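> One structure, as structure tokens, below. Some questions next.
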Amino acid sequence: MMEIDVRLFASAREIAGTNATRIMLTEPATVKDLETALFERHPGLEALRLRIAINARYAPAGAQVHPDDEVAVIPPVGGG
Amino acid sequence: MSRRLFEITPDPISVDDVTSRLVDPRVGAVATFVGVVRGVTGERETLYLEYEAYPEMAVRTLEQIAQEIREKWTDIREVAIVHRIGRLDVGETAVVIALSASHRKETFDALRYAIDRLKEITPIWKKEVWSDGDEWKSEQ
């Protein structure tokens with residue numbers, strides 16, 4: 001098992017009630033696996049159209065998650 | 001004076017500050033876009049906006065946008081984008097985009113691309129706060 005600390009921002013942070021959450025995953029794990037575990041932990045997040053970032057880059061559902069990766073939940077953005 | 005071309009800052013930002021970061025002497029044109037906190041959206045009066053960012057990734061996406069612009073419009077020399085975060089009152093500047101080119105022609109299309117792309121990929125969020133509630137806003 002590996003522990004992944006996931007950063008949460010904006011609406012995702014408010015729904016989860018925290019700016020970071022620890023997710024347990026069995027290696028090897030993909031972004032899709034991470035999302036599944038994340039939604040089990042914080043069901044309210046599933047309704048958001050989330051993107052996942054790994055090491056500050058958007059990651060597709062099939063990308064691998066590694067133990068030392070910086071993982072973040074990116075709800076719909078709205079700068080400007 | 002700062003030469004950082006891409007920045008997320010809690011401090012007030014000005015057009016002069018951002019344009020001064022462009023120093024390429026070959027330029028003949030500098031174009032700027034300034035995003036300002038709007039006081040009324042639809043029927044509702046906004047009290048203030050609360051901006052939040054994932055700063056490291058936001059700066060990376062701003063660098064990416066500048067790279068994309070230089071690939072699409074070869075006349076564009078430099079791009080600077082500064083976005084403010086934290087609480088902003090109505091009328092305050094949220095974002096300044098400045099870009100330089102040897103001629104004016106490509107600057108306007110490139111500016112539009114920059115702000116559209118920022119709203120699409122840059123991890124910055126804004127919450128509108130009214131007298132009777134609030135909401136995270138996104139055009140996505």
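> Report yes if some residue within the range B:66-81 is within 14 Å of another protein chain (Cβ to nearest Cβ), under 20 Å from B:Asp17 (Cα atoms) and surrounded by 14 or more Cβ atoms within 10 Å (Cβ to Cβ); otherwise report no.
yes
> Related question: Is it true that some residue in the range B:9-25 is within 14 Å of chain A (Cβ to nearest Cβ), in contact with an Asp or Glu (Cβ under 8 Å, 6 or more places away or on another chain) and surrounded by fewer than 16 Cβ atoms within 10 Å (Cβ to Cβ)? Please lay out each step first, then the result.
Filtering the range B:9-25 down to residues within 14 Å of chain A (Cβ to nearest Cβ) leaves B:9, B:13.
The next check asks that each one be in contact with an Asp or Glu (Cβ under 8 Å, 6 or more places away or on another chain); those that pass are none.
No, every residue in the range B:9-25 fails to be within 14 Å of chain A (Cβ to nearest Cβ), in contact with an Asp or Glu (Cβ under 8 Å, 6 or more places away or on another chain) and surrounded by fewer than 16 Cβ atoms within 10 Å (Cβ to Cβ).
> Turning to a different aspect of this structure: Only residues that are of a type in the set (A, V, I, L, M, F, W, C) and surrounded by fewer than 17 Cβ atoms within 10 Å (Cβ to Cβ): list them for the range A:64-80, please.
First, pick out the residues of the range A:64-80 that are of a type in the set (A, V, I, L, M, F, W, C): A:65, A:71-74, A:77.
None - no residue of the range A:64-80 is of a type in the set (A, V, I, L, M, F, W, C) and surrounded by fewer than 17 Cβ atoms within 10 Å (Cβ to Cβ), so the list stays empty.
> Another question, if that's okay. Do we have B:Ser14 as in contact (Cβ under 8 Å) with a residue 40 or more places away in the chain and touching a Ser or Thr at 6+ places or on another chain (Cβ under 9 Å) here? Walk me through it before giving the result.
Details: in contact (Cβ under 8 Å) with a residue 40 or more places away in the chain: yes; touching a Ser or Thr at 6+ places or on another chain (Cβ under 9 Å): yes.
Yes, satisfied.
> A:Glu3 versus (1) assigned to a strand (DSSP E or B); (2) more than 14 Å from every other protein chain (Cβ to nearest Cβ); (3) surrounded by 13 or more Cβ atoms within 10 Å (Cβ to Cβ): which is the lone unmet condition?
Unmet condition: (3).
> Conditions: (1) more than 14 Å from chain A (Cβ to nearest Cβ); (2) within 22 Å of B:Pro12 (Cβ to Cβ). B:Arg44 meets all but one. Number of the miss?
Answer for B:Arg44: the failing condition is (2).
> I need every pair where a residue in the range B:52-64 that is without any contact (Cβ under 8 Å) to a residue 40 or more places away in the chain has its Cβ under 9 Å from the Cβ of a residue that is outside any helix (DSSP H, G or I) and small (Gly, Ala, Ser), sequence separation at least 6 or different chains.
As it stands, the answer is B:Glu56/A:Ala56; B:Arg60/A:Ala56, since those pairs meet every condition given.
> Among the residues of the range A:61-74, what is the count of those that are under 15 Å from A:Thr36 (Cα atoms) and within 14 Å of chain B (Cβ to nearest Cβ)?
Narrowing the range A:61-74 to residues under 15 Å from A:Thr36 (Cα atoms): A:61-65, A:71-73.
From what is left, the residues that are within 14 Å of chain B (Cβ to nearest Cβ) are A:71-73.
Qualifying residue count, the range A:61-74: 3.
> Go through (1) under 22 Å from B:Ile121 (Cβ atoms); (2) free of Cβ contacts under 8 Å to residues at least 12 places away in the same chain and name the single condition B:Leu49 misses.
The failed condition is (2).
Since every read-out is calculated from the coordinates, none of them should be taken as a lab result. Bear in mind that the values here come from a model prediction, so they are computed numbers and not experimental data. Glycine also receives a Cβ, built like all others from the backbone with ideal geometry; neighbour counts cover every protein chain displayed.
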